[in-house]
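What follows is a short report on a single structure.
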Amino acid sequence: MKSLRAPPRLEPRRTGNALIVAAMLLSLCILSLIKARYCSAPYGLSLSLSLSLSLSLSLSLSLILQLLLIHRSCVALRAEDEDDEGDVTTPPKIVAEETVTVISKPICSETSKRSNVCRAEGDARLRGSSRTIFLHPSLTDREWKIKPYCRKHDGPAMKNIEEWTLKPLASNEPPPRCTVHHKVPALVFSIGGFTGNLFHDFTDVLVPLFISSYQFHGEVQFVVSENKPWWVSKFISILNQLSNYDIIDADDDDPDAVRCFPRVIVGLSFHKELGVDPSKTATGYSMVEFKTMLRKAYGLERPTAAPWADQRDAKRKPRLLIISRRKTRAFLNERGMADMAMSLGFDVRVSEPDNTTDLAKFARLVNSADVMIGVHGAGLTNMVFLPAGAVLIQVVPMGGLDWVARDTFKKPSSDMQLKYMDYHIKADESSLSDQYPKNHPVLKDPDSIQKQGWYTTSKIYLENQNVKPHLRRLRNTLLEALRHLPHGLKEA
């Protein structure tokens, strides 16, 4: 008797199960490859999830659960990797095909309203001909540009100053080969701008150069752009005090030269007009050290205005130096001023410095003076050579120029250990009284002229004015100056 039970259909079921198992194994293999490729990438997780959703349309629920478990492991691995990165100190690398974000400190900063400075320590390769400095990628991840002259706020001054570029070495190119190896830092600066005017020579370049280089005790290499050979020659005694090495002229350097330095500084630090802020210097040095450096550079004998112990010097007359001018803001009664000063007991010298003056010789003349007097202008910058305790008298032209006189020469004088005095020119002491009617705003209302801008103010009161101080009033000023001197002269 035949059985009524239908025969079992084993072959089709086994085939279906085998296909499911094979599909699952294949998916696991695929996902393993996906995990290895994408889990460590920033967007690996989203790519895997997208692929999972597409596979879930054709796979069973169990396969989706397996996918989710694998993604959880990816997230866990990512978290572990991120935790480990906090302890890794390997330097950042620039990769050609993949963009890597490097977080590095800025190498350029504003040191004052007048100056920017870039600093980098490490592999620095300088090509002066192109004004380019190549840096190791670990030092910066971007380009920086700077004009190394301390008047960044002044368009006319900066107009002809060329930019320097600091940039990371390219990862896919060999670095430029060093043709010269230097063992000391490079200090890059410009001597363009307003150099050639003694005030700007010192306040824009020489004092900031002292601020930036004095800490190296001569072990620093100067690299200059916008070079003026006559300027370097004029101030070579000062430059040689600050650097033990011949200056590199970037304008005239070999176009193929690549100079390698262990450290580079581009730009000079400015603090204040003709001044140094000791709180901002490396070891607290100030204008006292600056003046000491000048005495050494020019062989100046008098650190102070006090008479020496030598009997002949103790008896010598105090010396008055009159800074003469010829083109503008000239003393119209210079001879009378000198005669009056001699009657008070001064040994009087009159001199007019210019760009052709032997600076060493003139510095020694200034250093021999006890009192120096001059109309507001670049010539008063020679105050840097006066001995401590000497008196500086600034004759301020009429025209509401008190603020200019204050900022340029009055404020710096105390840091130079000088006694400052001023003499303000009145309308009847100015040549402008011969050029304008008595009630003209130039004479009666200088403030209204100043409101027209600096160009107009400068044109009238600085470029078109000479002065004739009243000798009786000036006499009182010189008597007061005598009382400030340590010569024991209480009465004239």
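Side notes on the structure shown:
- In this view, the solvent-accessible surface of V348, computed with a 1.4 Å probe and all protein chains in place, comes to about 20 Å².
- GluC sites (Glu not before Pro) restricted to region 412-492 and DSSP loop, no more than 15 other C-beta within 10 Å: E463, E491
- Only Cα sites of region 425-492 enter the Debye sum here, all with the same form factor; the resulting log10 I(q)/I(0) across q = 0.13, 0.18 1/Å is -0.52, -0.73, listed in q order.
- Region 295-402: chymotrypsin sites (Phe, Trp or Tyr not before Pro) in DSSP coil with no more than 15 other Cβ atoms inside 10 Å: W308
- Extension gain for the segment D407 to R335, taken as residue separation times 0.36 nm less the Cα-Cα distance, is 23.0 nm to one decimal.
- One decimal place: the segment D434-S351 gains 27.2 nm when fully extended, by the rule 0.36 nm per residue minus the C-alpha distance.
- Distance between the pseudo-spin-label points of V288 and R142 (7 Å out from Cα toward the beta carbon): 4.2 nm.
- Relative contact order (percent, whole number), region 365-474, Cα cutoff 8 Å, 6+ residue spacing: 24 percent
- When its C-alpha radius of gyration is set against 2.2 N^0.38 Å (N residues), region 349-429 gives a value of 1.09.
- Accessible area per residue for region 336-415 is 31 Å², calculated with a 1.4 Å probe on protein heavy atoms, without ligands, DNA or RNA.
- Contour minus Cα-Cα distance for K228 and D256 (0.36 nm per residue): 7.9 nm
- Computed from label points 7 Å out along Cα-Cβ, the spacing between L479 and S324 is 2.8 nm.
- Fraction of alpha-carbon pairs over 14 Å apart in region 230-285 - percent: 74 percent
The values are calculated or read from the model by the stated rules, or taken from the named source; none is laboratory data. Just so it is clear, the structure is predicted and the values come from calculations on it, not from any experiment. Glycine also receives a Cβ, built like all others from the backbone with ideal geometry; neighbour counts cover every protein chain displayed. Surface accessibility is based on the protein's heavy atoms, side chains included, excluding ligands, DNA and RNA. Shrake-Rupley method; radii C 1.70, N 1.55, O 1.52, S 1.80 Å.
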